[in-house]
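Notes to accompany the following structure.
FYI, it's all coordinate maths here, none of it is from the lab. Here the structure is a predicted model, which is why all the values come from computation and not from measurement.
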Amino acid sequence: MHLCCKLMLFVHAFILLNCHIQGQETKDTQEDVKIEVVYVPSECEQKSRRGDLVNAHYDGFLAHNMSKFFCSRSEKDGHPKWFVVGVGQVIKGLDIALLDMCRGEKRKVVIPPSLAYGEKGYDNIPPNSTLIFEIELLGISRGPRSMEAFLQIDLDNDKQLSKDEISHYLSEEFRKDGKKRDPSVHGLILTDIFEKNDHDGNGFISTREYNVYKHDEL
């Protein structure tokens, strides 16, 4: 996986599950993702929704032997990962599991192979593997995938997004979030957004391109 994907696993700009009850609670979605709510904070002013930019720590395990195949706290510099909710940038099971979470909430989710890596597997994940993820959601902000955000980013109202407009938007979101980051992260995200979304290579992201996601990275 190239550097941008490793640094910004799930970034740019997880359907809905109710999680109001504190303590432990297990739910099955229609797609058979099993979700155990381990912890919910006493105050929850905002819940994650499709298009939000979220910040999370997560550990991934193979269900058959509970061997860990990924840990965000030990990967590279150990920073939590940024990604956009519900747009297909991650395996479908995680897209389902991470919707409607509170900031500070923790979940344990079981994802069947059909909503993970299926018959092909991926890297050190064998074919037909059921996966278990332990997730802690640390931050939520309006992401670059909501139509509200598109209109907010499109400063000149020309129905397309330039690099300057998206760069300005990211700077404002990071400033509001208040977390310290390596200065290079901003440029890596911006480059990654245009590499994956500017399909005609004209230096702008149209409304059509803005809604196209065909990534299936972990």
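Globularity index of region 67-175 is 1.29 (Cα radius of gyration / 2.2 N^0.38 Å, N = number of residues). Kindly flag which residue pairs out of K108/K163; K120/K163; K92/K176 have an alpha-carbon separation exceeding 32 Å in this structure. Among K108/K163; K120/K163; K92/K176, the Cα-Cα distance tops 32 Å for K108/K163; K120/K163. Partner aspartates and glutamates whose Cα lies under 18 Å from the Cα of K180, excluding those fewer than 8 positions away in the same chain, are identified as E75, D77, E172. Computed with the Debye formula from one identical point scatterer per Cα of region 55-105, without solvent, the log10 of I(q)/I(0) at q = 0.22 Å⁻¹ comes to -0.98.
If you average 1/r over all unlike Cα pairs in region 30-115 and invert the result, what Kirkwood radius do you get in angstrom?
One over the average 1/r among Cα pairs gives 13.8 Å for region 30-115.
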